[in-house]
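So the structure is just underneath, and the comments pick up after that.
The values are calculated or read from the model by the stated rules, or taken from the named source; none is laboratory data. Because the structure is a prediction, the values reported are computed rather than measured. Counting neighbours? That spans all protein chains shown, and the Cβs are built from the backbone with ideal geometry, glycine included.
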Amino acid sequence: IVPKLLKWDEKKRLARTQELMKTVGLNPEEFMDRYPAKMSGGQQQRIGFLRALAADPPIILLDEPFGALDPVTRDSLQDELKRLQKELNKTMVFVTHDMDEAIKIADRIVIMNEGQIVQYDTPEEILLNPANQFVEKFIGKHRLSNGNVNTVSEIMRSNPITIRENNGLARVISQMQSKRISTLLIVDEHNKYVGTVGIEALIDKVKPGMLVSDLEIESRVSVSPASSAKEAFDLLVKDRMDILVVTNDENEVVGVVTKTSMVESLASVVWKEEAHD
């Protein structure tokens, strides 16, 4: 609608539509003429986001766009939003009441009370140093303690699901759906860590007979269980990673650290401290 109001000709509008659909893995030939009722919730959200991008605005406002989606779809779209933000280099203002979502997506968080900004800072600084009691109460269990958790082994989730390179994709997708995971940890035939594959890599790319090794496997940095928790936090928050793989001296996967697992571990320390106060 907006490109039409801007008096773009039909050829330009069509080209822009096809370009944007490809960026989110929707084949224009398959989805161009579909009605919303014939699309999944995730596909509808992608189209809604593309509408906002159609006229190439410098700033995009997203008002709780993922609130009504199931956890798996929401997690996938959060990852996709981060990817698109990097690729398109757009300023995105994302409104949410979900602190986990804010921590995962944002490089800066604004907390407001009755229309007034009470704190504007990085996720790390807000969690470590709430500006006042309102912020402290708002972030609640997410608040981090200073220095009470020392190593990755204290915050990682042990024995995560791993997938071998020679596994078929049909089995892999089934596991992702049943376990509600959006990132696969890939290992070789000797159970050595190879890399990761995100759910976005599977969109419209799966063909009968395909193996995991046929996908584009992303090489990610890993840390050891003895690495500092501060290092893991910096990688997750400052480098905007969604998952951090933990490997032992033999390069075998022994755990993962996510923002949620870190928050839960550090919050439990805070609760214990408060119980003794």
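When region 14-49 is examined, which residues are found to be free of Cβ contacts under 8 Å to residues at least 24 places away in the same chain and touching a Lys or Arg at 6+ places or on another chain (Cβ under 8 Å)? Passing the criteria: only 28. Scanning region 153-181 for residues that are β-branched (Val, Ile, Thr) and closer than 13 Å to residue 256 by Cβ returns 155, 161, 162, 181. Take region 103-130 and flag every residue that is small (Gly, Ala, Ser) and at pLDDT below 90. Of everything in region 103-130, just one residue is small (Gly, Ala, Ser) and at pLDDT below 90, namely 106. Looking across region 45-60 at every residue that is under 21 Å from residue 71 (Cα atoms) and surrounded by 15 or more Cβ atoms within 10 Å (Cβ to Cβ), the one that is farthest from the chain's Cα centre (by Cα) is identified as 47. Residue pairs whose Cβ atoms lie under 6 Å apart, sitting 6 or more positions apart in sequence or on different chains, and linking a residue in region 240-260 that is farther than 15 Å from residue 186 by Cα and not assigned by TED's automatic domain parsing to the domain that holds residue 157 to a partner that is surrounded by fewer than 21 Cβ atoms within 10 Å (Cβ to Cβ) and not hydroxyl-bearing (Ser, Thr, Tyr), do not occur here. Determine, yes or no, whether residue 41 is surrounded by fewer than 17 Cβ atoms within 10 Å (Cβ to Cβ) and in contact with a Leu (Cβ under 7 Å, 6 or more places away or on another chain). Against the criterion (surrounded by fewer than 17 Cβ atoms within 10 Å (Cβ to Cβ) and in contact with a Leu (Cβ under 7 Å, 6 or more places away or on another chain)), residue 41 qualifies. Of the residues 84, 128, the single one that is outside the structural domain of residue 181 (by TED's automatic domain parsing) and either touching a Gly at 6+ places or on another chain (Cβ under 7 Å) or in contact (Cβ under 8 Å) with a residue 60 or more places away in the chain (or both) is 84. Would you check if residue 73 is over 27 Å from residue 19 (Cβ atoms) and among the hydroxyl-bearing types (Ser, Thr, Tyr)? Judged against the criteria, residue 73 is not a match. Confirm whether residue 161 is modelled with pLDDT under 80 and closer than 25 Å to residue 82 by Cα. So residue 161 fails the test.
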